[in-house]
Every structure is written in structure tokens, then in C-alpha cells.
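The values are calculated or read from the model by the stated rules, or taken from the named source; none is laboratory data. From a predicted model like this one, the values you see are computed outputs, not experimental measurements. Methodologically, a virtual Cβ is constructed for each residue, glycine included, from the backbone with ideal geometry; neighbour enumeration extends over all protein chains shown.
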């Protein structure tokens, strides 16, 4: 074995490190246990960006195909747009969930976690309140905004992951002047781009709040800033509109 590789950094820990003194008076050290960990939230954000870009590319080709009455091509583009949008939306939700897991692993569970399990509290509420507690979010407006965004995101994630193939009325899409199954209205480029931009904006605000959190999260902050900086660079280098523009228009 070549050893232990941390492809993108991460945490390395030695456990059960013991030095014993034998009967002969000489020290002996038992082999320690090695543990490593890595955070997945930046990779889910990167996947979300890629999905939003792909969705936008396919959506941009639809008007020309419509104008030339290439219905088969329009249908293919709608399918590609849906698939890419699902990737963007679910990846954004997974990023929030992964960041929640990273925070909880370092700072501990919320004091009401056992009660939530007993009452079956919705996951988005648990996530928001855990951020509220550990990141010490003081501004009520910020808490409400986080709750609104995460609730919407998790709902879209659930629609994709727990998809039901039931009959429902079609939804009209003005851009193609046709009614479509609701999935093609929900999982579309506009929603994909909005979700990714709002998730990056929200998570970047969480990174800033780490400065006022408990010491374990403060120690983690430089690593998170580095990872978040790479995500933002990737977004800015893409063809997607600026995050600030998306936020102001939604």
C-alpha cells in the first residue's frame, strides 16, 4: 500500500495512542488507529454548478428548434434540460445536507435533536435550527430566509428522489407555448440556476458566521473558506449569471 492519500485535503487523526512502560522499564508504543475524514459539500456545489450550466445550454437551444418546427429536437432538449436541472437542484440540496452533517459532526447535535426524532420533525426544520444554534444566527430575517430557501430546496429534492408517477394536470410553459407534465415545469433551467445561486449565497453567509461560532467551528473556518472560494471561482468562471443578479431577480 502506498500509504494514505487525501486527494483534496481533509482531516487526519491518530487514535488510541498509548505509550506503556514494560517490566524491563523500556517504553513501548502500541500501533495507533488512523482515522481520516473529508467534507462532500463543496463537491455537491460543483455538481450543482455543472448541472445548471448544462440545463441552461439545452434550454437556450429550444427557441431555435421551435422556430424551425423540429418537434423531436424540442422534446430531446426538454428531456436534457430536465435531467440537468434535476442534477442541479438535488446537488444543491445535498450540499446543504452535507454542510449540516459537517457542522453537526464538529459542534454536536442540537439540544432538541432527540425531541425532533420523537416528533418526526421535518428535516429542513432540523437543518435550519441546527445552523441557527451552532452558527449563532442572531438576525431573525436571516433565519426566516434560510428556512424559506432550504424548505424549497428540500421540497424539490424530494420531488426528484421520491418521484410519484401519478396522473396530474399538465402545466403550461410559455417559452414553448405548450402544456407539459409538471416535472418539466419544476425541473427547468430557470429553477436550476436560481437554486444553485441561492445555495451558494446562503452557504457563503454560513461560512462568514463561522467566525462567531464555537471554537471547533472557528478552527474549521480557514478550510471552509478555501473550499468555498474554489466553488465561487468555479461559478464565476461559468456561463451562469452573477449570484447577486440572480438573488435580486428572484
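Residue-level check: of (1) at pLDDT 95 or above; (2) part of a loop (DSSP other than H, G, I, E, B), residue 168 misses just (1).
Across segment 232-241, the qualifying residues are those that are more than 22 Å from residue 156 (Cα to Cα) and either in contact with a strand residue (DSSP E or B) (Cβ under 6 Å, 6 or more places away or on another chain) or touching a residue at least 24 places away in the same chain (Cβ under 8 Å) (or both), and the one among them that is surrounded by the fewest Cβ atoms within 10 Å (Cβ to Cβ) is 239. Of everything listed in (1) touching a residue at least 40 places away in the same chain (Cβ under 8 Å); (2) in a helix (DSSP H, G or I), the single unmet condition for residue 118 is (1). Selection of segment 130-142 for residues being surrounded by 20 or more Cβ atoms within 10 Å (Cβ to Cβ) and assigned to a helix (DSSP H, G or I) yields 130, 131, 134. Looking across segment 59-111 at every residue that is free of Cβ contacts under 8 Å to residues at least 24 places away in the same chain and in contact with a helix residue (DSSP H, G or I) (Cβ under 7 Å, 6 or more places away or on another chain), the one that is nearest to residue 125 (Cα to Cα) is identified as 77. Selection of segment 171-197 for residues being exposed (fewer than 15 other Cβ atoms within 10 Å of the Cβ), in contact with a helix residue (DSSP H, G or I) (Cβ under 9 Å, 6 or more places away or on another chain) and part of a loop (DSSP other than H, G, I, E, B) yields 175, 177. Do we have residue 2 as at positive phi and part of a loop (DSSP other than H, G, I, E, B) here? Answer is no for this residue.
Could we say that residue 10 is exposed (fewer than 15 other Cβ atoms within 10 Å of the Cβ) and touching a residue at least 24 places away in the same chain (Cβ under 8 Å) here?
Working: exposed (fewer than 15 other Cβ atoms within 10 Å of the Cβ): yes; touching a residue at least 24 places away in the same chain (Cβ under 8 Å): yes.
Answer is yes for this residue.
Residues in segment 35-66 that are modelled with pLDDT of 95 or more, over 16 Å from the mean Cα position of the chain (by Cα) and surrounded by fewer than 18 Cβ atoms within 10 Å (Cβ to Cβ): 57, 60, 61, 63, 64, 66.
All of 107, 114 fail the test of being more than 18 Å from residue 213 (Cβ to Cβ) and either surrounded by fewer than 23 Cβ atoms within 10 Å (Cβ to Cβ) or touching a strand residue (DSSP E or B) at 6+ places or on another chain (Cβ under 6 Å) (or both), apart from 114.
Taking the criterion of being closer than 18 Å to residue 46 by Cα and either surrounded by 17 or more Cβ atoms within 10 Å (Cβ to Cβ) or touching a residue at least 60 places away in the same chain (Cβ under 8 Å) (or both), the residues of segment 208-225 that qualify are 223, 224.
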